[in-house]
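Quick notes on the structure that follows.
The values are calculated or read from the model by the stated rules, or taken from the named source; none is laboratory data. No experiment lies behind these values; they were computed from the predicted model shown. Here the Cβ positions follow ideal geometry from the backbone for every residue, glycine too, while neighbour counts run over all protein chains shown. With ligands, DNA and RNA removed, areas are computed over all heavy atoms of the protein, side chains included. Shrake-Rupley method; radii C 1.70, N 1.55, O 1.52, S 1.80 Å.
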Amino acid sequence: MGQDRRKVYERCIHPPSGAEMRIAILSCMDFKIPGGAERFFIDMALALDATIVCLSVGEDLCTMYPDAAKVRFFPLKKALPDEPFRQIAGMRLFKRLNLDYDFYIATDDMSLRFLSGKVLHSYLMLTPRRAFYDMYYPTLASMPVGKRVIFIIVLGIFRYLDQRYVKKHVRSVAGISHNVRTRIWKAYQKPATVIYPPVHVEKYQNLGYGDFWLSVSRVDKWKRIDLQIETFRLLPDKKLMIAGRIYPEYMHLIKEAPPNVTFLGPIPDEELLDLYGRCRGFFTTAIDEDYGLTPLEAMACEKPVVAVCEGGYQETVADGYTGILVAPVAAEIAGAIRDVDQDPSRFGHEARKRAELFDYKIFKEQLEKYVQTCYRDYTSGCIQEVTE
């Protein structure tokens, strides 16, 4: 029996208790600006008393998001090249890692490569890589013709390798929404457990209905910020503030935006809580959003949400009760915002009640139970497997 299999065997016959289990969350990310994914992984680490293994940790992370100070990080201190070489470099980095934990949670298709060894694990997906699967054709359509031909081949190869690897090495899969669970089934034909990312309801409070609408989103190709700009071009008497990282190739949107749209860039958590508390309503337009945590954060402040009727928004926003779901058309969105803006407080009670269903305490219980179940199911059959 090899050394790696011997370790698994010993842990199978002498499993640690839940309190003693050493868990690693694997992420091929730089934890610098606390976006939705970073916050989710930090919440996972808090819930499981786990260590986050990642590329690097920014000096300002704990200032931007104080909960990060409560978490153990194991930064690999590695810088990866740009795509498409980033994908290959990330896979090689995690495949060669030497870690010693009782249970591993991979969170992306690069850190997933660590699971090639016989280790106890789960693959908790934000989503299967969208350029390989559900956004394959839009991704190709956005490229110049010459580059498109190359990427048809490249993406096809990566998709095949990804599917083969997951089917061969991954035993337990979870996703962050039913929308993602459907994508997982289409990509890998594997059933997945749904674990919704949480909102810390106790942090949020209604500070009144101010004179501006709020959007919290990184500015990239998936979030349709151009649609938000066009919507508020039709609403010159209303204000929109957009908080989040602005990718360099989308800086032109700042110049194209009308005077009633303001880009704030990434802001600390304390300031973000204040914006949620004072905004008049919340506005979000991402393409088939994986889940959409930000509407829940707004609803925790008793604020109505106007969102496109797609993806994870359909799982969090109760149409007509906590806000309005609408087609991704500027004129229709503008009409919904005018309607909500007349009396945003009428959605407040139901919005808060809805957010409470996704509270951190519920998430913690679900995640702990999921990991314990994975561990029990894995160890119940692994003794025979490792001795074959």
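Some observations on this one:
- Listed peptides 223-229, 143-149, 57-63 by packing density, highest first (mean Cβ within 10 Å): 223-229, 57-63, 143-149
- Cβ-based charge dipole, the chain, positive-most Cα from 192, 80, 240: 80
- In terms of Cα atoms, the Rg and Dmax of region 254-307 work out to 12.2, 33 Å.
- Helix-only mean residue ellipticity at 222 nm for the chain, each DSSP H run of n ≥ 4 adding -39500 (n - 2.57), per residue, nearest 500: -13000 deg cm²/dmol
- Rolling a 1.4 Å probe over the protein heavy atoms gives the chain an accessible area of 46 Å² per residue.
- Per-residue packing, averaged as other Cβ atoms within 10 Å, sorts the ranges 289-296, 203-210 into the order 289-296, 203-210, beginning with the highest.
- Overall dimensions of region 202-340 as given by Cα atoms, namely Rg and Dmax in Å: 13.5, 38
- Shown for region 13-147 is the translational diffusion coefficient from the Stokes-Einstein equation, using the Kirkwood radius over Cα pairs, a temperature of 10 °C and a viscosity of 1.306 mPa s: 98 µm²/s.
- Accessible carbon and sulfur surface of the chain relative to its total accessible area, %, 1.4 Å: 53 percent
- Cα-centre dipole for the chain with unit charges at Cβ (Lys and Arg positive, Asp and Glu negative), debye to 20: 1500 debye
- Panel note: the C-alpha atoms of region 300-344, placed on their principal axes, show extents of 25, 25, 14 Å (largest first).
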